[in-house]
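Structure first, commentary second.
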Amino acid sequence: MSQRERSFTRWALISSGEGGGRIAAEFLARNENPGIEDRILILNTNRADIRNTMDHAGLEDALDDDPGVVFGSKRGVGNNFLAGEECAREDVSKIIDNVDDFTIGSDAFVYLTTLGGGTGSGSIPYLIRQISQDSDVELPGWLDNDTLVNVAFAAWPYYDEPAQRQFNAICGLSRLLMDRDGSQNADMVLLAANSHLDNDDGVGSYGTVNERIVTAIDLLISAGREARGVIDVEDYVAKPSEIGAYHFTPAVATGLNGKMIEYELMFDRAADQTFVPMDVSTSRAAYAVVRAPEHLIESGDVTETGVQSAFSTWKRKNDIGGAVGMTTLTPKEGRGNDVDVLLLLGGFDLNPLLDHARDAFEEHKDNIEVARQLGNGAENAISEAHLADLEENLDRYVSLNAR
């Protein structure tokens, strides 16, 4: 049965690295995952990291099929994103076999990773490329499909983490956005910044960050199910890719009183809670998902036309009236009046986020060059040509979207 015949998208989650695994485990620990069900795969180069992730989520003995898969020969890559990519290349057949086992029949993937480490930031861009465009191995028939959509959800490291992690973040973002030849990689890149989401603004339990990312993914997926004015995954990626503005950040507000708060104020509340530092007025794409109790929709307190009209007004007020995008109104169960709003703001100026990492990036780049000249660890260092490609691609993409 096709996606259109089903009328909803079957999503799957694929995580790599410890940070991405923690987010995926949050979904595994729940009783229900509408739109995702059990299509979840957790990848890592270190079995201990997978075990710790599962234990933390209370899943050590709870699953019939273990979705944790170890790949590569290094058993941990020491924050070296090149080693993370190499491990994925070594075991790409094994990874694809497990993608086939755990996520078969999916229409769209959300790849979960943190950008500061090595395993996720190295392997996820490579895996997206393998599944979406240039595979080194033969893909199963359902996976060798041009209509599959690949969405990356990447968490930026805390701003005070070491220089190598900031270096990894910039390189990882560049690779998620573009391959070395400058062609688009992921269909959509969603960004969250740990320091921007964590009220403590420091390295801690990641609980607040993960909780908000899970909420955003839930709302993202809800837009493609039994909704009024449905936004489906093709809508998220088509126009932004055409204009080269396919990086996004969620902005979420939950628990708003649908009987008391006007739509525009709901959008304002969400826009005040973006997942990265940004200027809303620089957005080139904007989507709105409003999730309301069924009874408020049936009573006419919350309507599709009202959401559409208010969002158009809100965009004009924020000087993004020409931004591509859509709205959807989706129902949820419950007799309360709580309404949830997700804004997906795309194509915005990335400089406010990148500015937190640029000095550290240059510092680590200088350290690599010194080590190269001394002949220390040169075999594990990124080549000058490779690094130049990553910088050039990211600079070009950022310049296109800077306002």
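Overview of values
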read-out: Looking only at the stretch 148-175, and only at residues there that are part of a loop (DSSP other than H, G, I, E, B), within 19 Å of the chain's Cα centre (by Cα) and of a type outside the set (A, V, I, L, M), the one that is farthest from Gly17 (Cα to Cα); value: Tyr159
read-out: Residue match in the stretch 326-336 (condition: of a type in the set (A, V, I, L, M) and over 19 Å from Gly258 (Cα atoms)); value: yes
read-out: Within the stretch 325-347, considering residues that are closer than 25 Å to Glu242 by Cβ and modelled with pLDDT of 95 or more, the one surrounded by the fewest Cβ atoms within 10 Å (Cβ to Cβ); value: Gly347
read-out: Identity of the residue in the stretch 200-224, touching an Asp or Glu at 6+ places or on another chain (Cβ under 8 Å), hydrophobic (A, V, I, L, M, F, W, C) and over 17 Å from Ala155 (Cα atoms), that ends up modelled with the lowest pLDDT; value: Ala223
read-out: Cross-chain or 6+ apart pairs with Cβ under 8 Å, the stretch 225-239 first and farther than 11 Å from Val290 by Cα and at pLDDT 70 or above, then of a type in the set (Val, Ile, Thr) and not in a loop (DSSP other than H, G, I, E, B); value: Val233/Val149; Val233/Val151; Glu234/Val149; Tyr236/Val149; Tyr236/Val151; Val237/Val149; Val237/Val151; Lys239/Val324
read-out: The listed residue being of a type in the set (A, V, I, L, M, F, W, C) and closer than 22 Å to His196 by Cα, out of Met260, Met278; value: Met278
read-out: Residue, nearest to Phe361 (Cα to Cα), within the stretch 104-117, restricted to residues that are modelled with pLDDT of 95 or more and not hydrophobic (A, V, I, L, M, F, W, C); value: Thr114
read-out: When residues of the stretch 288-302 are limited to those that are outside any helix (DSSP H, G or I) and farther than 15 Å from Leu219 by Cα, the one least open to solvent (accessible area, probe 1.4 Å); value: Val302
read-out: Spans of helices (runs of 4 or more DSSP H) in the stretch 16-129 with at least 1 residues over 29 Å from Ser174 (Cβ atoms); value: 17-28, 47-56, 92-103
read-out: Failed criterion for Leu353 (all others in (1) assigned to a helix (DSSP H, G or I); (2) closer than 18 Å to Arg269 by Cβ; (3) open to solvent by less than 10 Å² (accessible area, probe 1.4 Å) hold); value: (2)
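The values are calculated or read from the model by the stated rules, or taken from the named source; none is laboratory data. Every value quoted in this text rests on a predicted model; they were computed, and no experiment measured them. When we count neighbours, we look across all protein chains shown, and the Cβ atoms used for this are built from the backbone with ideal geometry, even at glycine. For accessibility, only protein heavy atoms count, side chains too; no ligands or nucleic acids. Shrake-Rupley method; radii C 1.70, N 1.55, O 1.52, S 1.80 Å.
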